[in-house]
1. Calculate one ³J(HN,Hα) per residue across the stretch 171-188 by plugging θ = phi - 60° into the Karplus curve 6.51 cos²θ - 1.76 cosθ + 1.60, and present them in order as whole Hz with x for glycine and proline.
2. Subtract the Cα-Cα distance of Arg171 and Arg125 from 0.36 nm times their separation in residues, and report this length gain in nm to one decimal.
3. Can you list residues whose amide H is under 5 Å from Ser107's amide H, if they're 5+ apart or on another chain and H is modeled 1.01 Å from N?
Amino acid sequence: MVKVSRFYRSVPGFRRIKRAWRSRGFGIHSPFAFRFITCVLRQRSPYYGYDRLRSLADGRSEFRRAALIFRLVCEFVPDTVVVEADLPAVISASVRLADSRIRLIESGGMDVLPDGSTTVMLICRKITPDDADASQDSSTGHGLIDSIFSQGGVVVILDTDRRSYLSLARRMKFGMSFTNRRTAIFFSRADLPRQDFEVNF
């Protein structure tokens, strides 16, 4: 059985085929992951805020990212969202459109959870492999990620590479991660098994 598995991994395009297969919900046994992939990540129906986001976004790619953030905020309903300061304004607008009650913090770098926050979502552009490999070190500027991983919450990295994604995923003790090889979403929750999914979205 192991030999067959190794054989398929060596077939060109196997990961791409498996990613497309998983994207439709096949082979996913977790009810949470199945619903999240099929109803949030790959949701194609329009949401009420999409027209506004289209008018604010600079092109299709920026709209798709803003729409993803909008769906994630609607799904997880965090009480605080921390957005990296250099991200396009449409990202912050998507958070406000999803829920105006959310405390939105635009920050260039935080190392601790904001006071009074119980559920936090962090949205940042990129994590370098060195930052991802680092342990809890305030000098990296990503101590907040470690806090979210230990206390629960959502981390969204909009531009990632495989090495950085895997390094961050290894630091999670519980919860699930989802990636399409460009964007990575880490959902830390103690009642979820530790699993990683590579899907198209």
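1. For the stretch 171-188, the Karplus curve yields 7, 6, 8, 8, x, 10, 10, 9, 9, 10, 6, 10, 10, 10, 10, 10, 10, 9 Hz.
2. Values: separation 46, 0.36 × 46 = 16.56 nm, distance 1.90 nm.
Extra length from Arg171 to Arg125 when fully extended: 14.7 nm.
3. Under 5 Å from the amide H of Ser107 lie the amide H atoms of Val83, Glu84, Ala85, each far enough along the sequence or on another chain.
Here, each number is a calculation from the coordinates, and none is a lab measurement. All figures in this text were calculated on a predicted structure; none of them were measured in a lab.
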